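The values are calculated or read from the model by the stated rules, or taken from the named source; none is laboratory data. Just so you know, these numbers come straight off a predicted model, no measurement behind them. We place every Cβ from the backbone using ideal geometry, glycine too, and count neighbours over all the protein chains shown.
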Amino acid sequence: MDTTDTLRVRLEPWAEGDFWLLRRTNSAEMTEHLGGPETEEQLEVRHRRYLTPGAGRMYRVALAQTGETVGSTGFWERAWRDTTVWETGWGVLPEFQGRGLAARAAREIVQAARDSRTHRYLHAFPDVGNDASNAVCRRVGFDLLGPVAVEYPKGHWITSNDWRIDLGRP
């Protein structure tokens, strides 16, 4: 059986009805490398931020064939080393992990950031202990620049790997 179509993903712009996905990804398992679960109030603030037009964009990740939601991804501006870059991150729901869907979503987000023609570089900062996200970066073609101290969430410092992909000249 050819599973190519069932494993393709599409990015759907974040919508009002996607709050449930923030709740689903707010588990101890899903936030292990992100400082732990957030409060309901913090999730509501995050949801509003995702809905507000601005630099970058958040997306719900869906299977292309069925439309079933498998996770989320996005890109946003970040001040980094005296310049402004895009930053990205992703999360795949536990029942869909291990199928290469995060890498497929990450490839789509690289293209979305490239299409914005705004910043030359897209960075990802997975915790050094997050083997799955570091593997996604490697698989998608990000260059490993090395470990860095990153504050996330505010007030909580972690050691992350700085992965970067060149999007070309803006």
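Quick notes on this one:
- Taking the criterion of being free of Cβ contacts under 8 Å to residues at least 60 places away in the same chain, within 17 Å of L7 (Cβ to Cβ) and either surrounded by fewer than 17 Cβ atoms within 10 Å (Cβ to Cβ) or over 12 Å from the mean Cα position of the chain (by Cα) (or both), the residues of segment 43-79 that qualify are A62, L63, A64, G67, E68, T69.
- Test: T118 is part of a loop (DSSP other than H, G, I, E, B), within 27 Å of L167 (Cβ to Cβ), over 13 Å from the mean Cα position of the chain (by Cα) and not aromatic (F, W, Y): yes
- Within segment 35-57, one or more residues are out of contact with any Asp or Glu (no Cβ under 6 Å at 6 or more places or on another chain), among the acidic types (D, E), at pLDDT below 95 and not in a helix (DSSP H, G or I).
- Criterion violated by A132 - all others in (1) of a type in the set (A, V, I, L, M); (2) outside any helix (DSSP H, G or I); (3) free of Cβ contacts under 8 Å to residues at least 40 places away in the same chain satisfied: (2)
- Residues in segment 135-170 that are surrounded by 19 or more Cβ atoms within 10 Å (Cβ to Cβ), farther than 15 Å from V110 by Cα and in contact (Cβ under 8 Å) with a residue 60 or more places away in the chain: I158 alone.
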